[in-house]
1. Which distance in nm do the two modelled labels at M279 and V310 give, with both placed 7 Å along the Cα-to-Cβ direction?
2. Given the rule -39500 (n - 2.57) for each run of at least 4 DSSP H residues, summed and divided by the residues of the chain, what is its mean residue ellipticity at 222 nm, to the nearest 500 deg cm²/dmol?
3. At 37 °C and 0.692 mPa s, what whole-number value in µm²/s does Stokes-Einstein give for the translational diffusion of the chain, with Rh from the Kirkwood sum over Cα pairs?
4. Based on other C-beta atoms within 10 Å, arrange V260, V283 from fewest to most.
5. Could you list S111, S76 so that the one with the fewest beta carbons within 10 Å of its beta carbon is first and the one with the most is last?
6. By how many nm would the segment from L225 to S290 lengthen if fully extended, with 0.36 nm per residue of separation less the alpha-carbon distance?
7. With the alpha-carbon atoms as the only input, what is the per residue convex hull volume for the stretch 189-311 in Å³?
8. Taking 4 °C and 1.567 mPa s as the conditions, I'd like the Stokes-Einstein D for the stretch 186-248 in µm²/s, using the Kirkwood hydrodynamic radius from alpha carbon pairs.
Amino acid sequence: MGRITILAAAVALASACALGDTLTLHQEAFVKGPKVLLGEVADIDGENATSLAAIELGSAPQPGQSRQLNAALVESRLRNAGLKEIAVKGASSVRATTLHTEVTPDMIAESLRVFIQSQMPWNADSTEINITLPPDGLTVPDGQVCFTWRSNPQYRYLGQGAFQGTLSVDGRPQTTLNCKATIESYTDVVVATSDIPRGRPISAGLVELRRLSLSGLPGNVATRLEDVAGRVASKTIFPGQIISSRCVELPVLVHRRQSVPVELESGAVHVQTRAVAMMDGRVGETILCSNASSDAQFQGVVRGDGVVVVR
């Protein structure tokens, strides 16, 4: 039934076109692809111009390339459609060039840069992104170019990483891209300016801030001078050493066998007494204490003023 309908339509079109449709070939034409349509290479006048324009003349050349289509081919396509009465005028052949878009290496690099900036957790103002440019650009069909990038899920966006992208035109994938990029983000870190023996308090004259690359930093580094203020060195720190949480600790406020003030808080009851600390303690730590008169032991939390609080 479908073939009969198409045949009937072709017969109807052929009958109508005999009434006066005209076709004039261009010498040169630009086509969209993937097929060359009659309406792209010729001026068509008449009531059936729209139907005639949709007739396919063959495959379009690759984007940016050309193909010669002679008048004899056009006449053959018309005859195959049952349109024998239309005279082909104008040029004896048409140079048909497929419209295209040149995608340069810089365009590829910029799209990858935008993707990286949208995914990395670092501040763009303090980050350097160096992309290895592909050696050549690409020629793709004319239309809206879009890049879709992805990286290894384990990549932390520091150091060198590999990225794979899909280049699409008007939503249709055209090619796969593989690029590499090196990302370096910088931040201020606390660095020792001189020897700091174990147990010595960290003072402003012993440390400074330096701007360093994150990719070369150990974990838990101090990024503000306030991060080490009030701490002491937990081991000897040498000049130029990056200070992390492993290097410093809070000072001991309560020492073992020291008599310490104790505050007991239970609802509305508030009792102050003294006890003997059974261990060293820093701010926020829970230590074991002994009642001086009964030898009963209990636990309390060391407060910033050296008082052990029992709740």
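None of the figures in this text is laboratory data; all of them are computed from the coordinates on show. Keep in mind that this is a model prediction, so the values were computed, not measured. Using ideal geometry, Cβ is built from the backbone for each residue, glycine included, and neighbour counts are taken over all protein chains shown.
1. 1.7
2. Dividing the helical sum by the residues of the chain leaves -4500 deg cm²/dmol.
3. Result for D is 118 µm²/s.
4. Fewest-to-most ranking of V260, V283: V283, V260.
5. Going from sparsest to densest Cβ surroundings: S76, S111.
6. 19.6 nm
7. Spread over its residues, the Cα hull of the stretch 189-311 gives 119 Å³ apiece.
8. Translational diffusion coefficient: 115 µm²/s.
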